């Protein structure tokens, strides 16, 4: 029909314009990429901060620190990055994507083995009795790297190699342990505290792995975002520290 | 090309799972296609919807349902536990995941092949006194061969690329259930794994191209042989 001939291109043009219009970043938006194990703590901190600072919205992105570093490297919008190991902070610092002067240590944690298995597990050597053990994939999950390090330093890495189920982050590890589909997983103590069915079987001796530390920094874009700097300062303050303590993180 | 021994294991495992899933599904796929083409019964539409469901459901949903059914707390899981069979997070689970998502593709192709069979041929066979199963194996089966090969290669290719259902019900266990897509996912999650991921992607593309070429070649051969 003649009228459709003229209308169709206009409709298509209008649709394209709508789709291509970039969604403007809201004033006062802070994007934070944080390790998966920090989920509840950061959520609570964000709620408290936005309640006291109307007009600021905090967009949270949780995941494995390595995966997050990859996202930031590829241009994902992020103002603050909190990693669960020094590896990924250093990685981004080397790529000049972070504000080196802002680097601080946010918190510390402990690595534990938690599971719902009925077998008796009280130390690293008991792990050889188990069938399946979940760890975060060491290529991108710090919890998995600490776990691999502990297994290597106990001389158990070859014996346990075929039992390992790779999870995409430490929370997926916890889910596997909770579901009972693995005998147990290497998670942080703070994660195990959230578990209902999986119980902490033993704390991995600290001498077997590098200390679990959460370094944090502002990204290059975050350093120019006043709201991000305000939140960054707030999460180092007393109120934030008591939230961390509540969830079982170690502060020094 | 940057392939570690773990990657080679992943490639061999992918092939093993895809071959097993395809071979296991062939008899069921043939039977289902035959039911849908040659038989009429009430509720046939329901069967058609059920068979096509895995094609439209997200593979993660299929994997999750399989996990709920075969897991510790599921019916299937309870039966397997009684029989002492370990299923979840083993390569058997990967086979079932691949078989489930690939099944509609297999049935579709076999169906298409069967529908083009001249109905007078099986009718003639029956009228000459052959039993229904005799007709099935000596008339229908040979004539469905092209559809079966097309379906098998499609299903094989789909199984090689199966990710969502596999990772949920078989997990990502290097050497045991880590197939090519799972290995690529592992590398892709880490910003330092780019070249390894790309090498495996290259292998994946090469395998798919080989299968599709074979599919075309064998299909043409069968066609010319029939016309001869």
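Computed from the coordinates by the stated procedures, all read-outs in this text should not be read as laboratory data. Since this is a predicted model, take the numbers as computed values, not measurements. Neighbour counts run over all protein chains shown; Cβ positions are idealised from the backbone, glycine included.
Based on Cα coordinates alone, diagonalise the gyration tensor for the protein assembly as shown, multiply each eigenvalue by 5, take square roots, and list the semi-axes in whole Å, largest first.
Working from the Cα gyration tensor, I get semi-axes of 50, 31, 20 Å.
Every Cα-Cα pair of the stretch A:111-203 was included, and the share exceeding 15 Å stands at 50 percent. Take each residue in A:63-69, count the other chain C-beta atoms within 10 Å of its C-beta, and the mean is 2. Measuring nothing but how far apart in sequence close Cα pairs (under 8 Å, 6+ apart) lie, relative to its length, chain B scores a relative contact order of 31 percent. Using only Cα atoms, find the angle between the long axis of helix B:145-160 and the longest principal axis of chain B, and express it within 0 to 90 degrees, rounded to the nearest 10. Orientation of helix B:145-160: about 10 degrees from the principal axis. Pairwise Cα distances in the stretch B:1-90 exceed 19 Å in 65 percent of cases. Summarising the label geometry, the points placed 7 Å from Cα in the beta-carbon direction at residue A:239 and residue B:195 lie 4.9 nm from one another. When you count the other C-beta atoms within 10 angstrom of each residue and take the mean per peptide, B:105-117, A:84-96, A:196-208 line up highest first as B:105-117, A:84-96, A:196-208. Peptide A:162-173 is shielded by partner chain Cβ atoms: per residue, an average of 4 of them sit within 10 Å of its Cβ. In this rough spin-label picture, where each label sits 7 Å from Cα along the Cβ direction, the residue A:210-residue B:213 distance is 4.6 nm. Distance distribution P(r), chain A, all Cα-Cα pairs, bin width 10 angstrom from 0: 7, 29, 28, 18, 10, 5, 3, 1, 0 percent. Considering the stretch A:37-166, its Cα convex hull presents a mean projected area of 10.2 nm². Normalised by the number of residues in the stretch A:111-203, the mean separation of alpha-carbon contacts (under 8 Å, six or more apart) gives a relative contact order of 47 percent.
Once the Kirkwood radius over Cα pairs is known for the stretch B:96-214, the Stokes-Einstein relation at 20 °C and 1.002 mPa s delivers a diffusion coefficient of 127 µm²/s.
The calculated P(r) of chain B, using every Cα pair and 10 Å bins from 0, goes 8, 27, 31, 21, 10, 2, 0 in percent. Remark: B:45, B:139 ranked as B:45, B:139, counting other beta-carbon atoms within 10 Å and listing the fewest first.
Peptide A:138-146 has a mean shielding of 2, counted as Cβ atoms of other protein chains within 10 Å of each residue's Cβ.
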